[in-house]
Amino acid sequence: MAEEIIIPEEWSNAADTIAYGSTTMVALVCGPKNSGKTTFSRHLLNVLLQRYKKVAYLDTDVGQPEFTTPGLLSLTVLDKVTPDLTIPCLKTPERCFFFGDTSSKRDPTTYMTYIFALYDYYRKLYCQFSKSESSDVARVPLVINTPGWVKGVGYDILVDMLKYISPTHVIKICISAARKNLPAGTFWLTDGVDTPPVSVLELNSARRDSYNRSLLVQKDARLFRDLRMIAYFRQCFPSNKNITTIKELAHALAAHPPYEISISDIKIKHLHCQVPKSETFYSLNATIVGLAVSTEDCKDMPHCLGLGIVRGIDTFSHVLYVITPVPLHNLEKVDLLLQGFLEIPSSLLQVQGCKSPYMSGDVLPVN
Amino acid sequence: MDSHLGLNIQAPLDPSMEGVDLTIQQSFKLVPWMSWDEWCFVKDALFSSSFSEVSAAIRRVAMWRSRGCIPVAVDVTASIIEIRQKDPFFRNVIDGNAEQSEEMLSMLYSMAIMRLVNGVVERTRKKNEISIAEAADAIDLPRMLIDVRHEGSHRELPSLPLVRLASSKALDWLKSYYWQPQKSSFFVGSDVTTNLRKEIKQKLLELASSLNVNRSTQSSSLLKRKHSKKDIAKAVKNVLRLYSSDSSEVATIVIEMLLKVSESLGLSKVGYNSESEGNDVQSGHDWKAIILKLSCKEPELLPTLLRVVLNKYVIQKNGEEYLSSQNIAQSCQIDQLACLFEWLLDILKHVQPKMSGGKPERSFNLPDATLFECLHKCVMASSLGDNQLFPSALVLAEMMGNSALADKLLKLSLLSVNAEADIEEFSSNSDSGSFFSAQEDSIHQATEDFELFKSSCPRNSNVKLRENPVEPKRRWKVVNSWKQCPIGMLPHAIGFSGRLPVLDINDDTEETETPNGSDQDERGQSRRKREPEHDVAIIDDSSLKRMRETTWNCESDNSTLEGLTGHLMIDGFWKKVSEDELNAISSAIKVWGLPLNLPTVSHLQAPLRCSSTKGASQPTSVG
């Protein structure tokens, strides 16, 4: 993560071509894992922001999203250039769904439904007025970043996504190991079906060794996710509060006065796991949940306002205690807790003299 | 709301952690169970012969899966047992009314076994250096399981008799590979925990011996005494250092050691654990000296110890309720805990200065709130069905200098003693007629007590009257007060270590609506669960308890009640109830033999939900 960011000439030319083309663009970036998709997306966003006032970003990578915590699918609208591409930062998305796992494989159908809904939302919001009247400034291009899908379930999802969205630009990043790349050309199109024109840009990954082999930037996915979660819950405290280490944050969270909500005022849904009703609170305690609003119009698609830690449950007083950085006025709308498989970083649970009961020292190493 | 990380990404592992803590912190692992007790419950229930217990364990494991960090051995064990529950062969059902076809059953078994082999073996073998079979051999995994995996994935589906046999082998292997070693490992404790515990124990013993030396050398030279004083100071410091890093562990160990020597403390009524290790601090006198010494430097120690004892007590009590078979050792330990609590309280009494002329001079000063919390917990624990802690509660009330409170507690305890006596009488006496008349008398007695209470209660009560609020109700709010406690626990007034929550679903969660007669019946049933053999007795217990709670909740005088006609206090709030519902309630109460008239009922603050909640949310009702 700390490594220097390299933007090859090929990449910046491509970004310029996309940004200064004539049509309102919808650009989808795809390619194998660790090939530099995110870096290219970030660069493209910055180039676009020089021309357009706002740029939308649809994040479909639930494992390593750009502006949110893992487990979320989101549409974010940016209006400022990010000068330092090395520092990932969290932003509050325009619209967001809680998927609740770090891989789309857990529930491909729901995953696709959410992505289509986010795309439709973008269309509704930013593509309603006719093309002629819109000036450059008013138009909002869309960048879509994808996980490293090249085969299997992920590939099928990618094809469906490309078909539904039909982007104006598809940026394929290729690595030297040819069989790990996506098929050439417009691989998602079936012959004989009329589709809007699309330009496919095939770019080589940025890092190469002396034999011109791709160097993949290996990331510790788990560490990345933990850091994301930690950074997210850091927002529970004002930025001027002196919290510089994870240990200090864990301490602060243990002492932080949580929100309380009556058990009868909130619904609880387990997304990926069948939990007997009698075990609900056992399941929820000390886990990360999505804070969602179950709206009248789309019952199956509650949008998510953020994450919370169920830090305690008092079944006698019938209240849940939740820690979240979501501000109170937004929180008031939340009437649904969604539990997925987002693991709470264990570093937040071990505070000296205040260790969570879910951290145990006597676990057999065999499992 | 943009936000940079604000955290040092380069050094995520936080090098600022110091020495010993680093090793401790790194070796802790996230587990889906809240305590090893929970784990043990699952282990015992999974392998029990009772269908309902096995089902309960399977439900619990399903919940563990949802928490995401379940060990694969646990996962697979539960899967196999769940499949066997669906298999008529293992359920000893003769008729062929199988829910699953044999084909389906083979498929389920094969999949579970495949997951076992792959899940366990794959983790132990490095890439492809050795074959699955070799790796399986290394951990003594039966060859049959490997074969089932192979057949199932590459060839014909293995036959049902084969996979049934394999499932038994798998369970045996899982027991010996995971369940038993894991159990003995936490009983002994892992290295880290053991080391920490060892160190705590050792430092405590050092302190004890240095105190002993001091006592024996009192007559000898000044120099020697000075020297031993130094030793004591050092020993105290050592213990306190450990205390500050893990207060609950230290407290737990002290309590464990105390329980071991409980006979010499004059605590134990029944011989329990009479063998004690040679090194242990033997006499109660020594222990008293140690605790006094430590308390001078660390006033929180005594409250922490009290809390640990109380928690242990409550856990054991709760355990009595839901764990099936109760052995004598446990109830014996409950007695010991109650006595130990008294003993500790006695020390506290010595340290805590007496109120002298209203203005106490305090070197050692525990806030009343702390005492009150202890008292509160005592009374709550008593509501679990016995009064062992009542004397201690009285002592606490006296220490707080609150004689009115002590008075009330005394009455309360008398009331419940009566209630118990009655139940005992009944269980020994099968003649229901005389029982009911005795019962009626006692309820009348209670009603009179209640009236007496009402008239003597001060007028400063604050009754919460919940009408339709004018403002839109806010669902979310920041808690009024909070105390640091571990995530997953609830704050405790004393110390930072928090208390474990009770997470069982309260069946009456939805019953914030106006209640009716049938609800009461349900409650009677849920109480009955405790001791299923004595149905009738328990019903009466609950009705009596209700009276008891009624008195306990008495916080308002007649004039306040006047405005509340047509209301019932439910879960600490006054709720409007219609005439019909009141009728229903009153007739429901008649079932238990007391002809109450309606006006009384409407004034009766029938606490329709678990009484202990009220105590928790309204400490004002005592003071």
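Quick note: the coordinates plus some simple rules give every number you see, no bench work behind them. No experiment lies behind these values; they were computed from the predicted model shown. Ideal geometry is used to build each Cβ from the backbone, glycine not excepted, and the neighbour counts take in all protein chains shown.
How big is D, in µm² s⁻¹, for region A:9-204 by Stokes-Einstein at 20 °C and 1.002 mPa s if Rh is the Kirkwood radius over C-alpha pairs? Write down the numbers at each step before the final one.
Working: Rh = 16.9 Å.
The Stokes-Einstein estimate is 127 µm²/s.
Rounded to the nearest 10 degrees, the angle from helix A:221-234 to the longest Cα principal axis of chain A is 60 degrees.
Treating only the Cβ of Lys, Arg, Asp and Glu as charged (+1, +1, -1, -1), what charge dipole size does region B:36-187 show about its Cα centre? Round to the nearest 20 debye.
On the way: 20 positive and 20 negative charges, 89 e Å.
Result for region B:36-187 is approximately 420 debye, rounded to the nearest 20.
Under a Gaussian network description of chain A, with springs only between Cα atoms under 10 Å, the residue in A:Val198, A:Val310, A:Val77 that fluctuates furthest is A:Val198.
Over all residues in A:253-262, what is the mean tally of Cβ atoms on other chains that come within 10 Å of each residue's Cβ? List each step's numbers first, then the result.
Details: counts 2, 9, 6, 4, 8, 5, 5, 7, 4, 6.
Partner-chain Cβ atoms within 10 Å, mean over residues of A:253-262: 6.
Does region A:243-355 come out rounded, prolate or oblate by the C-alpha gyration tensor, with a ≥ b ≥ c the root eigenvalues, rounded set by a/c under 1.5 and, if not, prolate when a/b is larger than b/c and oblate if not? Because a/c hits 1.5 or more and a/b exceeds b/c, region A:243-355 counts as prolate. For A:Gly306, the residues 5 or more places off, or on other chains, whose built amide H falls under 5 Å of its own are A:Leu291. Just to be sure I understand: with springs between alpha-carbon atoms less than 10 Å apart, which residue in A:Cys174, A:Cys354, A:Cys89 has the highest mean-square fluctuation in the Gaussian network model of chain A? Looking only at A:Cys174, A:Cys354, A:Cys89, the largest GNM fluctuation is found for A:Cys354.
Please arrange B:Cys378, B:Cys485 by how many other C-beta atoms lie within 10 Å of their C-beta, fewest to most.
Details: B:Cys378 27, B:Cys485 23.
Fewest-to-most Cβ neighbours within 10 Å comes out as B:Cys485, B:Cys378.
Peptide packing for B:159-171, A:234-246 was compared via the average number of neighbouring C-beta atoms within 10 Å per residue; ordered from the highest value, the list is B:159-171, A:234-246.
Need the full-extension length gain, B:Ser176 to B:Arg241, defined as separation in residues times 0.36 nm minus the C-alpha distance. One decimal, nm.
Values: separation 65, 0.36 × 65 = 23.40 nm, distance 3.96 nm.
Stretched out fully, the B:Ser176 to B:Arg241 stretch lengthens by 19.4 nm.
With the charge dipole of region B:36-187 set up from +1 on Lys and Arg Cβ and -1 on Asp and Glu Cβ about the Cα centre, the Cα lying farthest toward the positive end among the listed residues B:Ala135, B:Phe89, B:Ala56 is that of B:Ala135. Taking 0.36 nm per residue of separation and subtracting the Cα-Cα distance, full extension of the segment from B:Ile505 to B:Ser48 would add 162.2 nm.
Is the shape of region B:36-187 rounded, prolate or oblate, going by the alpha carbon gyration tensor and its root eigenvalues a ≥ b ≥ c, with a/c under 1.5 for rounded and a/b larger than b/c for prolate? Note, shape of region B:36-187 comes out oblate. Using the Karplus relation 6.51 cos²θ - 1.76 cosθ + 1.60 with θ = phi - 60°, the per-residue 3J(HN,Hα) values for region B:54-59 come to 4, 4, 4, 5, 5, 4 Hz, with x marking Gly and Pro.
Counting neighbouring Cβ atoms within 10 Å and putting the fewest first, the residues A:Met161, B:Met380 line up as B:Met380, A:Met161. When chain A is treated as a Gaussian network with alpha carbon springs shorter than 10 Å, the biggest mean-square fluctuation among A:Gly31, A:Gly290, A:Gly154 belongs to A:Gly154. For chain A, the residue among A:Gly361, A:Thr23, A:Ile144 whose Cα projects farthest onto the positive side of the dipole built from Cβ charges is A:Gly361. Taken about its Cα centre, region A:9-204 carries a charge dipole of about 200 debye when Lys and Arg each add +1 at the Cβ and Asp and Glu each add -1 at the Cβ.
Here the spin labels are modelled as points 7 Å beyond Cα on the Cα-Cβ line, and at A:Asp16 and A:Tyr164 they lie 3.6 nm apart.
For the pair A:Thr190 and B:Ala133, label points projected 7 Å from Cα toward Cβ lie 4.7 nm apart. A cut-off of 5 Å between modelled amide H atoms, ignoring neighbours fewer than 5 places along the same chain, links A:Phe341 with A:Asp101. Neighbour counting of Cβ atoms within 10 Å sorts the residues A:Tyr57, A:Tyr20, fewest neighbours leading, into A:Tyr20, A:Tyr57. Of the Cα atoms belonging to chain A, the radius of gyration and Dmax stand at 21.7, 68 Å. Only Lys, Arg, Asp and Glu carry charge here, each on its Cβ (+1 for the first two, -1 for the last two); on that basis region A:243-355 has a dipole of about 300 debye about its Cα centre. Under 5 Å between amide hydrogens, built in the peptide plane, is the criterion, and for A:Val319 it picks out A:Ile263, A:Asp314 among residues at least 5 positions away or on other chains. Candidates A:Pro93, A:Ser239, A:Leu125 compared by Cα position along the dipole of chain A: farthest toward the positive end lies A:Ser239, with charges placed on Cβ. Distance between the modelled labels on A:Phe116 and A:Thr295, one decimal in nanometres: 1.8 nm (7 Å Cα→Cβ projection). Report summary: the helix-based calculation at 222 nm, which adds -39500 (n - 2.57) for every DSSP H run with n ≥ 4 and divides by the residues of chain A, gives -7500 deg cm²/dmol. Subtracting the Cα-Cα distance of A:Val200 and A:Val81 from their residue separation scaled by 0.36 nm leaves 40.3 nm.
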